1. Tell me, yes or no, whether segment 63-79 has at least one residue that is open to solvent by less than 10 Å² (accessible area, probe 1.4 Å) and on the phi < 0 side of the Ramachandran plot.
2. Considering only residues that are closer than 30 Å to LYS187 by Cα and among the hydrophobic types (A, V, I, L, M, F, W, C), which ones fall in segment 57-83?
3. With the requirement that a residue be at pLDDT 95 or above and within 18 Å of LEU60 (Cβ to Cβ), what does segment 70-99 give you?
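The values are calculated or read from the model by the stated rules, or taken from the named source; none is laboratory data. All values reported here derive from a predicted model rather than from experimental measurement. Backbone-built Cβ (ideal geometry, glycine too); neighbour counts: all protein chains shown. SASA here: full protein model, heavy atoms, side chains in, ligands and nucleic acids out. Shrake-Rupley method; radii C 1.70, N 1.55, O 1.52, S 1.80 Å.
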Amino acid sequence: MKHFILTLATLLAISLSACSQSNKTKENNMGTKTLVAYFSATGTTAGAAKVLASAAGADLYEIQPEKPYTDADLDWTDKQSRSTLEMNDKSSRPAIKGTVRHLDDYGTVYIGFPIWWYTAPTIINTFIEKNYLKGKKIFLFATSGGSNVKKAEKDLKSAYPELDIRGSRLLNHPTAGDVKKFVEEGK
């Protein structure tokens, strides 16, 4: 009987050790890459995202709405435009196309967007809620005609306190120095 228990204990120890090594290998291989995910309604944020991805040696992912925005949808002066209605409804989650493939490969994720009504468009909430980002270093970047990104950062940190949102930067016409400094903060 003692021999049986000793054999069983040995097998259990070997099994647990193998599982532990497997998890350590997965952890060591996970999260070493950087991703720049962005939503761009007019192309401005896309330009900033491409500059950032190049500087960071990152992969690029476009957050695309299932139904593209038209010029009329983006008319912020029209109280019935799609963007106005979405931004006035905090529970709005515009549908997006696709998901990020191999998200476990990324340890750092930059999320970019244009500032709408002083904050992030609700499609950013859709992206965050559709993708498991817990445990990743997250940095926000935005483009804007007149607002800064701090309210968007505060709103997203409040909405997703479990996420490690480390900072934000406005990248309107970013210089190489601006982008390099932002990338260094992400390391």
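1. yes
2. Scanning segment 57-83 gives ALA58, LEU60, ILE63.
3. ILE96, LYS97
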